[in-house]
Amino acid sequence: MEREIIRKISENEADTINFGLEFAKILTQGDIVILNGDLGAGKTTFVKGLAKGLGVDSHIKSPTFVLIKEYQGSTRLIHVDTYRLDEVDVEEIGLEDYIDGKNIIIIEWNKFNLFNENANYKIDIKYISENKREIIVYKK
Ligand SMILES: Nc1ncnc2c1ncn2[C@@H]1O[C@H](COP(=O)(O)OP(=O)(O)OP(=O)(O)O)[C@@H](O)[C@H]1O
Ligand SMILES: [Mg+2]
């Protein structure tokens, strides 16, 4: 069902940003991407590159406190961090409405089935050492 399509080692922050930028090129409208990885693994760093790859100009900040951020690039990019979200929040925010086949949605710390069911890609970012990470991309 899920197959590994990319596995690479990132040697530093810039590498992860570049990888996000490259990965953005294979995305098409409506794609949903789940990003897994421990605290500080580099999920938001990856999203910075991905946003750049989609032509988003604005600065990407972690949505941990705002929960959800919308950006406009070649398509709309929705950046969600579910770390502090619970099921009630998901309904209140109307997260389901963002799944419209057009928005590209990227989720850090996925906690919800809603996204599991709809995701096209899952990415694991694994901490190896201070500047080294392993990044694995799975496609549904
Ligand atoms: N190879 C690397 N790739 C990505 N980040 C790296 C790398 N090496 C060092 N770093 C540092 O690790 C940190 C990653 O932070 P980032 O906010 O992207 O993590 P995160 O996974 O989003 O964490 P959180 O769970 O808090 O949202 C940054 O300070 C970055 O400079
Ligand atoms: Mg983050």
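Okay, residues lined up against (1) in a strand (DSSP E or B); (2) of a type in the set (A, V, I, L, M):
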position: Leu50; (1), (2): no, yes
position: Ser58; (1), (2): no, no
position: Lys61; (1), (2): no, no
position: Lys69; (1), (2): yes, no
position: His79; (1), (2): yes, no
position: Asp97; (1), (2): no, no
position: Ile107; (1), (2): yes, yes
position: Ile125; (1), (2): yes, yes
position: Ile136; (1), (2): yes, yes
All positions within the stretch 30-69 that are among the charged types (D, E, K, R) and within 10 Å of ligand 1 (Cβ to nearest atom): Asp38, Lys43, Lys48, Lys61
Ile60 without any contact (Cβ under 8 Å) to a residue 40 or more places away in the chain, at negative phi, of a type in the set (A, V, I, L, M) and within 10 Å of ligand 2 (Cβ to nearest atom): yes
Conditions (1) more than 19 Å from Glu134 (Cβ to Cβ); (2) open to solvent by 50 Å² or more (accessible area, probe 1.4 Å): number failed by Tyr71: (2)
Residue count for the stretch 88-108, restricted to those that are under 18 Å from Lys140 (Cα atoms) and in contact with a helix residue (DSSP H, G or I) (Cβ under 7 Å, 6 or more places away or on another chain): 5
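In the set Leu39, Leu50, which member is open to solvent by 40 Å² or more (accessible area, probe 1.4 Å) and hydrophobic (A, V, I, L, M, F, W, C)?
That would be Leu39, the only listed residue that is open to solvent by 40 Å² or more (accessible area, probe 1.4 Å) and hydrophobic (A, V, I, L, M, F, W, C).
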Condition check for Ser74: touching a Leu at 6+ places or on another chain (Cβ under 6 Å) and assigned to a loop (DSSP other than H, G, I, E, B): yes
Hits in the stretch 97-110 - residues which are over 11 Å from the mean Cα position of the chain (by Cα), surrounded by 16 or more Cβ atoms within 10 Å (Cβ to Cβ) and either within 16 Å of ligand 1 (Cβ to nearest atom) or not polar (S, T, N, Q) (or both): Tyr98, Ile99
Residues (in contact with a helix residue (DSSP H, G or I) (Cβ under 7 Å, 6 or more places away or on another chain) and more than 12 Å from ligand 2 (Cβ to nearest atom)) located in the stretch 23-55: Phe23, Ala24, Lys25, Ile32, Ile34, Gly49, Leu50, Lys52, Gly53, Leu54
Top-ranked residue of the stretch 74-87 - restricted to ones that are in contact with a strand residue (DSSP E or B) (Cβ under 7 Å, 6 or more places away or on another chain) and over 18 Å from Trp109 (Cβ atoms), ranked as most open to solvent (accessible area, probe 1.4 Å): Arg76
Qualifying residue in the stretch 88-96 (condition: open to solvent by 20 Å² or more (accessible area, probe 1.4 Å), at pLDDT 95 or above and away from ligand 2 (no atom under 16 Å from the Cβ)): no
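The values are calculated or read from the model by the stated rules, or taken from the named source; none is laboratory data. Everything quoted here is computed from the prediction, not taken from an experiment. Note that we place each Cβ from the backbone using ideal geometry, even for glycine, and neighbour counts take in every protein chain shown. Calculation scope for accessible area: heavy atoms of the full protein, side chains included, ligands and nucleic acids excluded. Shrake-Rupley method; radii C 1.70, N 1.55, O 1.52, S 1.80 Å.
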